[in-house]
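The values are calculated or read from the model by the stated rules, or taken from the named source; none is laboratory data. What you see is a predicted model; the values in this text were computed from it and never measured. Glycine also receives a Cβ, built like all others from the backbone with ideal geometry; neighbour counts cover every protein chain displayed. SASA here: full protein model, heavy atoms, side chains in, ligands and nucleic acids out. Shrake-Rupley method; radii C 1.70, N 1.55, O 1.52, S 1.80 Å.
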Amino acid sequence: EAGVAQSPRYKIIEKRQSVAFWCNPISGHATLYWYQQILGQGPKLLIQFQNNGVVDDSQLPKDRFSAERLKGVDSTLKIQPAKLEDSAVYLCASSPRTPQGEQFFGPGTRLTVL
Amino acid sequence: AQSVAQPEDQVNVAEGNPLTVKCTYSVSGNPYLFWYVQYPNRGLQFLLKYITGDNLVKGSYGFEAEFNKSQTSFHLKKPSALVSDSALYFCAVSLPFSGGYNKLIFGAGTRLAVHP
């Protein structure tokens, strides 16, 4: 079974530039998550999709971050404009829709904002 | 506020010795509890979970965890550590919220270093 795929793996940009990350979840997983992991901290949920609908985006900085999951499969997360404090690893995860189900994580995208 | 605490930034243990990585939580209700491991340049991997039932949960790679409701703890354990166990370990709590969905709250992580 293929895992969660993410690209790019690394990205370096200047502040105020824009950037986009892509995620392809495990086939058949209805729920998709984007997390931000700042160095030295645990992952923090940014947004959660159920199929192509948003179920939780309470911690997404909506003035600069956006995410979509067209057709309920792939997802993209965008930052525009980026700030220095956005430097982090962005993790995508997916899970079947069960409350007890574990989440399966991709390798992440390491973003450095200069 | 609902939270997960991992009181140790790093745990050092000699290969072959038992290891414990501590986790306590502060949430209302009966949460689901998880442990994940993160190796360098890789995503988080699921180790084990507690949903209900037996307080001792067995997981991948010989790890186990003990749920203690009175102490609100979920410590990760392994009887005999391997050098290859060296990694970053995260405790997480799954909280139910509106709409029938759950969200994970992670601790800050504990780095485990196993020395030969």
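The set of residues from segment B:17-44 being small (G, A, S), open to solvent by 40 Å² or more (accessible area, probe 1.4 Å) and within 14 Å of chain A (Cβ to nearest Cβ) comprises just one member, B:G29.
Quick one: which residue in B:L104, B:L112, B:L88, B:L47 is crowded, with 16+ Cβ neighbours inside 10 Å, at the interface with chain A (Cβ under 10 Å from one of its Cβ atoms) and touching a helix residue (DSSP H, G or I) at 6+ places or on another chain (Cβ under 7 Å)? Give the derivation first.
On the way: B:L104 fails: touching a helix residue (DSSP H, G or I) at 6+ places or on another chain (Cβ under 7 Å); B:L112 fails: at the interface with chain A (Cβ under 10 Å from one of its Cβ atoms); B:L88 fails: touching a helix residue (DSSP H, G or I) at 6+ places or on another chain (Cβ under 7 Å).
Just a single option satisfies the conditions, and that option is B:L47.
Scan segment B:1-16 for residues that are polar (S, T, N, Q) and more than 14 Å from every other protein chain (Cβ to nearest Cβ) and the total you get is 1. A:I38 meets the conditions (1) open to solvent by less than 20 Å² (accessible area, probe 1.4 Å); (2) within 14 Å of another protein chain (Cβ to nearest Cβ); (3) of a type in the set (V, I, T) in every case but one. The failed one is (1).
Can you find a residue in segment A:75-85 that is more than 14 Å from chain B (Cβ to nearest Cβ), in contact with a helix residue (DSSP H, G or I) (Cβ under 9 Å, 6 or more places away or on another chain) and open to solvent by less than 50 Å² (accessible area, probe 1.4 Å)? Please lay out each step first, then the result.
Start the filter on segment A:75-85 by keeping residues that are more than 14 Å from chain B (Cβ to nearest Cβ), which leaves A:75-85.
From what is left, the residues that are in contact with a helix residue (DSSP H, G or I) (Cβ under 9 Å, 6 or more places away or on another chain) are A:76, A:79.
Imposing the further condition that a residue be open to solvent by less than 50 Å² (accessible area, probe 1.4 Å) reduces the set to A:76, A:79.
Scanning segment A:75-85, I find at least one residue that is more than 14 Å from chain B (Cβ to nearest Cβ), in contact with a helix residue (DSSP H, G or I) (Cβ under 9 Å, 6 or more places away or on another chain) and open to solvent by less than 50 Å² (accessible area, probe 1.4 Å), so the answer is yes.
In segment A:44-54, the qualifying residues are those that are of a type outside the set (A, V, I, L, M) and open to solvent by less than 10 Å² (accessible area, probe 1.4 Å), and the one that is nearest to the other protein chains (Cβ to nearest Cβ) is A:Q48.
Just to be sure, is A:E102 within 14 Å of chain B (Cβ to nearest Cβ), open to solvent by 10 Å² or more (accessible area, probe 1.4 Å) and either without any contact (Cβ under 8 Å) to a residue 60 or more places away in the chain or not in a loop (DSSP other than H, G, I, E, B) (or both)?
Working: within 14 Å of chain B (Cβ to nearest Cβ): yes; open to solvent by 10 Å² or more (accessible area, probe 1.4 Å): yes; either without any contact (Cβ under 8 Å) to a residue 60 or more places away in the chain or not in a loop (DSSP other than H, G, I, E, B) (or both): yes.
Here the answer is yes, as A:E102 does meet what is asked.
If the condition is being modelled with pLDDT under 95 and not hydrophobic (A, V, I, L, M, F, W, C), then segment B:85-97 contributes B:S94, B:P96. Within the set A:K15, A:K11, the sole residue that is of a type in the set (K, R) and part of a strand (DSSP E or B) turns out to be A:K11. Within segment A:14-23, one or more residues are open to solvent by 20 Å² or more (accessible area, probe 1.4 Å), in contact with a helix residue (DSSP H, G or I) (Cβ under 7 Å, 6 or more places away or on another chain), more than 23 Å from A:P96 (Cβ to Cβ) and more than 11 Å from every other protein chain (Cβ to nearest Cβ). What is the number of the single condition among (1) in contact with a Ser or Thr (Cβ under 7 Å, 6 or more places away or on another chain); (2) more than 10 Å from chain A (Cβ to nearest Cβ) that B:D54 does not meet? Of (1) in contact with a Ser or Thr (Cβ under 7 Å, 6 or more places away or on another chain); (2) more than 10 Å from chain A (Cβ to nearest Cβ), only one is false for B:D54: (1).
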